[in-house]
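A short write-up of the structure that comes next.
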Amino acid sequence: MQSSATYGKPQLRELASMVSHAAFKKLGNTSNQSAYIRRMKKYVDWDKLEETKPKSLADLISFAYQILEQQYRHEYIYKNKLLNDYVLKNYALDDAILLNEFRVGQSIADAVLVNGTNKVFEIKTELDNPERLLNQLNDYYKAFTEVYLFTHSSLVAKYLNILPEYVGVLTYTEDGAVIESREAKIMRSNLDVTFMIASLRKPEYTKLVQQLVGFLPDVNPVNYYRACLEILQALVPSDVQNIYCQVLKNRIDLATNIYLGEAVLPSYLNFSFYQSQFNKKSYLTLINNLNKNL
């Protein structure tokens with residue numbers, strides 16, 4: 001069902017908090033979702049709905065999601081759109097990974113796609129401002145070679161006046177499609193192994209060093225990170241970055257990809273589910289919750 005009502009900003013903000021990665025993760029934790037349902041009903045103005053009301057929790061979330069798509073496109077809407085309409089349509093998940101909230105230096109990339117290439121996506125919704133954008137982009141190029149800004153079509157002209165010419169642009173169109181308005185140019189000149197190693201977990205930078213030089217430093221644990229960094233600093237940054245991306249691809253969760261490939265879940269849940277790496281019990285709890293009658 002579609003909503004023709006107009007909602008106030010306070011209501012929309014509340015709905016956005018319930019249509020989010022953090023909120024959706026909880027749907028797989030417990031079968032008791034009564035508080036979530038009550039709150040969702042409150043902010044969609046359940047008692048004022050004149051059309052056919054949602055019958056299940058899945059329908060209720062879908063209704064709220066449609067309201068937000070129309071009136072308050074917050075970050076989760078963009079991330080889910082990125083996964084559904086760009087990544088899943090152009091890449092195979094068994095050979096690619098979409099990382100969420102990935103830290104590079106002093107910045108956190110909204111999403112990073114790693115497969116044979118690597119792409120950072122910085123999201124700027126209609127609710128955001130360009131503050132710190134150029135500093136964020138500079139950080140991303142220390143670890144990755146392609147960067148895209150993902151924004152709404154109404155904002156593209158504004159950001160084209162700000163962005164360096166080598167930054168690509170993905171556009172969220174008025175009709176809900178995702179198109180590549182400007183292709184990103186590959187930039188390797190700013191790669192910095194200090195930023196790469198700092199973004200990895202210890203087993204990952206250990207593997208990075210081992211694959212690049214064939215040995216590991218024989219030092220005490222306190223000096224291990226510094227010793228690994230010194231080894232990497234002696235190498236060509238682009239060579240390090242090639243293996244760095246391979247190491248990141250090892251975060252691919254095959255079980256999650258299988259569940260996602262079954263297409264049982266509503267599409268509005270895909271991004272959250274993909275990032276949550278639910279086990280079978282959580283997956284079944286999630287499905288049962290969505291099917292609950294209201």
Fill in the blank from the handout: Treating only Lys and Arg (+1) and Asp and Glu (-1) as charged, each at its beta carbon, one finds that the chain has a dipole about its Cα centre, in Debye to the nearest 20, of 920 debye
Fill in the blank from the handout: Nearest 10, in degrees from 0 to 90: the angle of helix 9-18 to the longest Cα principal axis of the chain is 60 degrees
Exercise for the section: Please report, in debye to the nearest 20, how large the charge dipole of region 24-105 is about its Cα centre when each Lys and Arg carries +1 at its beta carbon and each Asp and Glu carries -1 there. Expected result: 380 debye
Exercise for the section: Show that you can apply the helix-only estimate: for the chain, add -39,500 (n - 2.57) for every DSSP H stretch of four or more residues, divide by all residues, and state [θ] at 222 nm to the nearest 500. Expected result: -13000 deg cm²/dmol
Practice task
Work from the charge dipole of the chain (Cβ charges, +1 for Lys and Arg, -1 for Asp and Glu, about the Cα centre) and give the residue of VAL219, LEU134, ASN32 farthest towards its positive end.
Solution key: ASN32
Handout entry: Degrees between helix 57-71 axis and first principal axis of the chain (Cα, 0 to 90, nearest 10)
Key = 80 degrees
Handout entry: Net charge dipole size for region 193-249 [Lys, Arg +1 and Asp, Glu -1 on Cβ; Debye, nearest 20]
Key = 200 debye
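So for each of 64-70, 281-287, 209-215 I average, over its residues, the number of other beta carbons within 10 Å; can you give me the resulting order with the highest mean first?
64-70, 281-287, 209-215
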Problem - Debye log10 I(q)/I(0) at q = 0.07, 0.08 Å⁻¹ for the chain, Cα point scatterers - result: -0.31, -0.41
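Values in this text are rule-based calculations from the coordinates and carry no lab data. Note that the structure is predicted; figures quoted are calculated from it, not measured. Glycine also receives a Cβ, built like all others from the backbone with ideal geometry; neighbour counts cover every protein chain displayed.
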